[in-house]
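Structure, as structure tokens:
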Amino acid sequence: MSDLIDLFQHQFMQRALIAAVITGLAAPAVGTYLVQRRLALMGDGIGHVAVTGVAIGLLTGTSPTWTAVVVAILGAIVIELIRERGAAGGDVALALLFYGGLAGGVLLTGIGGQATAALQGFLFGSITTVAVADLLAVLVLATVIVVVGVGLAPQLFAVAQDQEFAQVAGLNVRFYNMLVATLAAVSVTVAMRTVGLLLVSALMVVPVAASQQLTRSFRTTLAAAMAIGAVVSLSGVVVSAYASFSATVATGPTIVILALACFLVTWPVGSLMRRRRRLAEPFPVEEVDDHHVLCEQHVHEHGPECGHLAVEHGDHVDYVHDGHRHAVHVEAGSKHYDEH
Amino acid sequence: MPVTSPVIEVSGASVMIGGRPVLRAIDLQVGAGDFLALMGANGSGKSTLVRAMVGLRPLAGGAVSLFGTPLGDFKEWHRVGFVPQRPGAAAGVPASVWEVVASGRLTRRRLLRPLGRADRAAITDALEVVGLADRAQDGVATLSGGQQQRVLIARALAGEPELFFLDEPTAGVDLPNQHALADALAQLRGRGATIVLVAHELGPLAPLVGRSVVMRDGRIVHDGRPLADHEVHDPRFADAHTHHHHRHDQPRGDHAPHVAAPLGLRPEEH
């Protein structure tokens, strides 16, 4: 344990922690809008395109972070334009762009005389090599994402929920679509150092998938997804650092596996909650006069403690068991159950 | 008496979709307080006309004005409420009924301002009009189809518009929900709103309608007194192609699939 504390005395580990937390906050903030539009894989596509951006940076000797930002934004805008055209082959066109980006990146890296190992750090993340300048860039970009994603939430929500309604409400739908695409591109490059370009989409989407199992409103989904993202990123760094004493454990995949673990926990809880809510839904009150059907003789006494599901039905309670809905009926001093 | 300009003025409007004229030379005026039902068969262009009137479909010719302003210059979208044709109100992420209805308030909210008291009052009022005030915190996806349709109407209502466009609000909605819809629209009419309603069948909405416009094959064929559902399908308004003589009495001969159009090139019908 003291080894671990020693490890976090190092500045590179402290930088890694800061980068992880802000990345974990920013990626789901954009991811929520992508999932809302049913574009969960858009982050993945942008990640592929950004590979070319990184390669251009490595080739020209400029900072790969900034070349990746530029290329990713261009790629995101092209993807958005293709989507907007609504061509039936839109997904095929997107696929062409994705693989073009990945292949182009690997080719350019080779042409530049760099070993693919240089690219490796960007594909799967290398959080412990984050330099001070990189950290500042990540901080600034992530802050912009969070401020825009949360501050413009009413507008972005409306556009993602129902584009036509938003347009008739006077919103500039195209501007907001491009804004989300740009934010997605920026968060891809922000998360590139933490989880890597190939796993970026996971950090944008999996926290949202986990949180929406338990939430009913958009606002809580967004907040919970950001919280999950920050927590799994932070614990991913700590877990992988702790495990690194005994084995080679990459941070990016650890973060993604932890996020998936969150989903595996929330999913059964969520489906249980939904099931219980559905069962407790009151039966509709309808004017039916054949309610007065005496059910079979009943030794069992229904009550709050009897363990049968009690469901509201107008002014009384029905007890559900074995495909029956039994309601207490007192007539002439004696008590029996009606089949409702 | 001053001459007030109509709330909606459509003159000579035509719309092309995919190179084909879908609306042709439409002239229509809607005055303040009108309750107009746009009716007609599937594909007659009634939804397209509404979409052209709110600017979702570009005009190939003619002009549309709302409140006396040409559509291109129109900025007062808070005066317009639109209920699009939707299978439901849900999207990929959960949203509460309150949140969906609150998004209708965006026509009147400034950027980066939280909801004010007037906004909250309007949202609550809209939920009460459609009878869903007790479901405000529930997820929209848990509501029935008819209730989701009422949520979409409440969303349009939240912006407190004077002019409503409703595109097939009763499609696929059961009778009790249609009655709830009719009650909500009756309240709107009572408040003096102008209402343009696209409907295949009016059902419980029929008593509210003050004027029927029937479309056929991209043109208006009736504009005037309200028509009952069965009258809309009167031969005079019926599909343009019914005068062709199909021979229904002869058996088809076999049940083998007809390969009439290799390479997708359909021969002209008839």
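The values are calculated or read from the model by the stated rules, or taken from the named source; none is laboratory data. Treat the numbers as computed from the prediction; the structure is a model and nothing was measured. Note that each Cβ is placed from the backbone with ideal geometry, even for glycine, and that neighbours are counted across all protein chains shown.
Values as computed for the structure displayed
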{"read-out": "Residue, nearest to B:D34 (Cα to Cα), within the stretch B:163-191, restricted to residues that are among the acidic types (D, E) and surrounded by fewer than 18 Cβ atoms within 10 Å (Cβ to Cβ)", "value": "B:D183"}
{"read-out": "Condition met for B:E76 (at the interface with another protein chain (Cβ under 9 Å from one of its Cβ atoms), closer than 26 Å to A:Q212 by Cα and touching a Ser or Thr at 6+ places or on another chain (Cβ under 9 Å))", "value": "no"}
{"read-out": "So A:G104, is it in contact with a Leu (Cβ under 7 Å, 6 or more places away or on another chain), more than 25 Å from A:Q11 (Cβ to Cβ) and touching a residue at least 40 places away in the same chain (Cβ under 8 Å)", "value": "no"}
{"read-out": "Options B:A37, B:A13; residue that is away from chain A (no Cβ under 14 Å), within 30 Å of B:L143 (Cα to Cα) and surrounded by 17 or more Cβ atoms within 10 Å (Cβ to Cβ)", "value": "B:A37"}
{"read-out": "Some residue of the stretch A:120-128 being surrounded by 14 or more Cβ atoms within 10 Å (Cβ to Cβ), part of a loop (DSSP other than H, G, I, E, B) and touching a residue at least 60 places away in the same chain (Cβ under 8 Å)", "value": "yes"}
{"read-out": "Candidates A:T194, A:T182 - the one that is modelled with pLDDT under 90, under 20 Å from A:P64 (Cα atoms) and not aliphatic (A, V, I, L, M)", "value": "A:T194"}
{"read-out": "Condition broken by B:V10, with the remaining ones in (1) within 26 Å of A:Q163 (Cα to Cα); (2) in contact (Cβ under 8 Å) with a residue 24 or more places away in the chain; (3) under 14 Å from the mean Cα position of the chain (by Cα) satisfied", "value": "(3)"}
{"read-out": "Hits in the stretch A:192-251 (condition: among the basic types (K, R) and part of a helix (DSSP H, G or I))", "value": "A:R219"}
{"read-out": "Criterion: over 28 Å from B:R150 (Cβ atoms), touching an Asp or Glu at 6+ places or on another chain (Cβ under 8 Å) and among the aliphatic types (A, V, I, L, M) - qualifying residue of B:V10, B:V83", "value": "B:V10"}
{"read-out": "The stretch B:49-63, subset within 13 Å of chain A (Cβ to nearest Cβ) and in contact with a strand residue (DSSP E or B) (Cβ under 6 Å, 6 or more places away or on another chain), residue surrounded by the most Cβ atoms within 10 Å (Cβ to Cβ)", "value": "B:M53"}
{"read-out": "Residue among B:G131, B:G139, B:G92, B:G172 that alone is modelled with pLDDT under 90 and farther than 19 Å from A:A166 by Cβ", "value": "B:G172"}
{"read-out": "The stretch B:145-172 - residue that is of a type outside the set (G, A, S) and assigned to a loop (DSSP other than H, G, I, E, B) and, of those, nearest to A:V168 (Cα to Cα)", "value": "B:P161"}
